[in-house]
Amino acid sequence: MNNNDIIIIGGGLGGLTTGALLAKEGWQVTVLEKNHIVGGGLQNFSRHGIHFDTGMH
Ligand SMILES: Cc1cc2nc3c(=O)[nH]c(=O)nc-3n(C[C@H](O)[C@H](O)[C@H](O)COP(=O)(O)OP(=O)(O)OC[C@H]3O[C@@H](n4cnc5c(N)ncnc54)[C@H](O)[C@@H]3O)c2cc1C
């Protein structure tokens, strides 16, 4: 953690976009996400071969 300039809590649309923009500007960014995949409200998932599109369209 010592080498990180910025820590963003939450890897949804807001956190990932902010992180990408700051990284592009040269900041060292870490995004902390509580779930096992990022995306927040934009996630989708598959169960038994069926795709569930639960995010925005
Ligand atoms: C079914 C559905 C359809 C939608 N359709 C549209 C649409 O058509 N158009 C549109 O513009 N918007 C739509 N939205 C809204 C859009 O999904 C949200 O506006 C957007 O995802 C918000 O992004 P966010 O990064 O602010 O929050 P989120 O996507 O909610 O991300 C927050 C992230 O933070 C994480 N988090 C929370 N607490 C912690 C913690 N303590 N530590 C670590 N991580 C944490 C969460 O796990 C999550 O990944 C829809 C939402 C839903 C649910």
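No value in this document is a laboratory result; all are computed from the given coordinates. Predicted model only: the values in this text are computed from it and were never measured. Every residue, glycine as well, gets a Cβ built from its backbone with ideal geometry; the counts of neighbours run over all protein chains shown.
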### Summary
For the range 21-44, pairs from a residue that is under 12 Å from I6 (Cα atoms) and touching a residue at least 12 places away in the same chain (Cβ under 8 Å) to a residue that is acidic (D, E) and loosely packed, with under 12 Cβ neighbours inside 10 Å, with Cβ under 6 Å and 6 or more apart or across chains, are W27/D5; Q28/D5
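Filter the range 1-27 for residues that are within 6 Å of the ligand (Cβ to nearest atom) and aliphatic (A, V, I, L, M) and give the result.
Hits for the range 1-27 are I9, L13.
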### Message
Looking at the range 2-27 only, could you name the residues that are part of a loop (DSSP other than H, G, I, E, B) and either surrounded by 11 or more Cβ atoms within 10 Å (Cβ to Cβ) or at negative phi (or both)?
### Response
N2, N3, N4, D5, G10, G11, G12, E25, W27
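Does N44 meet the test of being surrounded by fewer than 15 Cβ atoms within 10 Å (Cβ to Cβ) and in contact with a Gly (Cβ under 6 Å, 6 or more places away or on another chain)?
yes
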### Query
Quick one: would you say T30 is within 6 Å of the ligand (Cβ to nearest atom) and either assigned to a strand (DSSP E or B) or surrounded by 10 or more Cβ atoms within 10 Å (Cβ to Cβ) (or both)?
no
### Residues satisfying the stated conditions in the range 33-57, i.e. part of a loop (DSSP other than H, G, I, E, B), near the ligand (Cβ under 8 Å from one of its atoms) and within 14 Å of the chain's Cα centre (by Cα)
E33, K34, N35, V38, G39, Q43, G55
